[in-house]
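Q: For reference, the structure I am asking about is given below.
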Amino acid sequence: MRLYASATSPFVRKVDVVLHETGLFGKVERILSGGTPVDPGNLPLALNPLGKIPVLARDDGPALYDSRVICRYLDSVANAGLYPAAPRLWDALTLEATADGILEAAVLMVYESRIRPEEKRHEPWVEGQWSKIARALEAVEARWMSQLQGPLDIGQIAMGCALDYLDFRHGPRDWRAARPLLADWAGSFSQRPSMLATVPVA
């Protein structure tokens, strides 16, 4: 298998954490790729027409994308149990979707400052993205802490990567300030070997 990846993508990091947790990390070749919506760079467009990473190329079938599909495939290959049986499965998948939504909004904020010319940036749009993130964090603090404290699953991995990315790219906004339960959990989860092994480097 070949993973098309970048050093700082939080979606790639989610896959990397799953690779470590499943024992598959050393069995996947890594191919560094990168680009943006306005400049695809060396993104594997032939494998993923959406022009996004991560992409997992397989010898026995078409390439897989996005991170949710790849993570579930890797869990199936390793029989690792990161996707619990229903009804807990639906909670894990919803938590993963919440984390991915946080990441999507956070990445769009980065694109606005790095790709769009300064005179065309729209601050209310940026703050609208942060409002999505803030609402999601408040919901997790209020409703999802028991899920985060349970046996390791894909929801926890996704949320751990999302919170670390907020620190990495949006640290001055201090998401922890009003969310002590989630902040404590994130501090503990970030010390897992799989998280320490995948810390992004700017």
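Q: Using a Förster distance of 41 angstrom, determine the FRET efficiency expected from the C-beta separation of Val110 and Ala80, and round it to 0.05.
A: For Val110 and Ala80, the calculated efficiency is 0.85.
Q: Calculate log10 I(q)/I(0) of segment 63-179 for q = 0.14, 0.17, 0.22 Å⁻¹, where I(q) comes from the Debye formula with a single equal point scatterer on each Cα and nothing for solvent.
A: -0.64, -0.88, -1.23
Q: Leaving out ligands and nucleic acids, note down the accessible area per residue over the chain with a 1.4 angstrom probe, in whole Å².
A: With the other protein chains kept in place, the chain gives 50 Å² per residue.
Q: What percentage of the solvent-accessible surface of segment 119-202, computed with a 1.4 Å probe over protein heavy atoms, is contributed by carbon and sulfur atoms?
A: Its accessible area is 55 percent carbon and sulfur atoms.
Q: Now for a different question. What do you get for trypsin sites (Lys or Arg not before Pro) in segment 26-94 restricted to DSSP loop and a cutoff of at most 16 other Cβ within 10 Å of the site's Cβ?
A: Hits after loop and neighbour filter: Arg58.
Q: Of the residues Asp100, Asp153, Asp174, which exhibits the maximal mean-square fluctuation in a Gaussian network model of the chain defined by a 10 Å Cα contact cut-off?
A: Top of the fluctuation ranking is Asp174.
Q: Counting only Cα atoms, I'd like the Rg/Rh figure for the chain, Kirkwood definition for Rh.
A: Value, to two decimals: 0.96.
Q: So, one more: Indicate the gyration tensor shape class of segment 58-122 (rounded, prolate or oblate), computed on the Cα atoms with a ≥ b ≥ c the square roots of the eigenvalues: a/c under 1.5 is rounded; otherwise a/b larger than b/c is prolate and the rest oblate.
A: oblate
Q: Which order, highest average first, do 154-161, 42-49 follow once you tally other Cβ atoms within 10 Å for each residue and take the mean per peptide?
A: Descending packing order for the listed peptides: 154-161, 42-49.
Q: Mind checking the dipole of segment 1-124: about its Cα centre, +1 per Lys or Arg Cβ, -1 per Asp or Glu Cβ, Debye to the nearest 20?
A: 160
Q: Quick one: among Ser33, Ser113, Ser67, which has the greatest mean-square fluctuation in a GNM of the chain with alpha-carbon springs under 10 angstrom?
A: Highest fluctuation among the options: Ser113.
Q: For a test of the definition: using alpha carbon positions, the gyration tensor, and the 1.5 limit on a/c, classify segment 1-59 as rounded, prolate or oblate.
A: Cα axes put segment 1-59 in the prolate bin.
The values are calculated or read from the model by the stated rules, or taken from the named source; none is laboratory data. Bear in mind the structure is a predicted one, so any value in this text is a computation, not a measurement. Glycine gets a Cβ as well: all are built from the backbone with ideal geometry, and neighbour counts include every protein chain shown. Note: areas computed on protein heavy atoms with side chains; ligands, DNA, RNA excluded. Shrake-Rupley method; radii C 1.70, N 1.55, O 1.52, S 1.80 Å.
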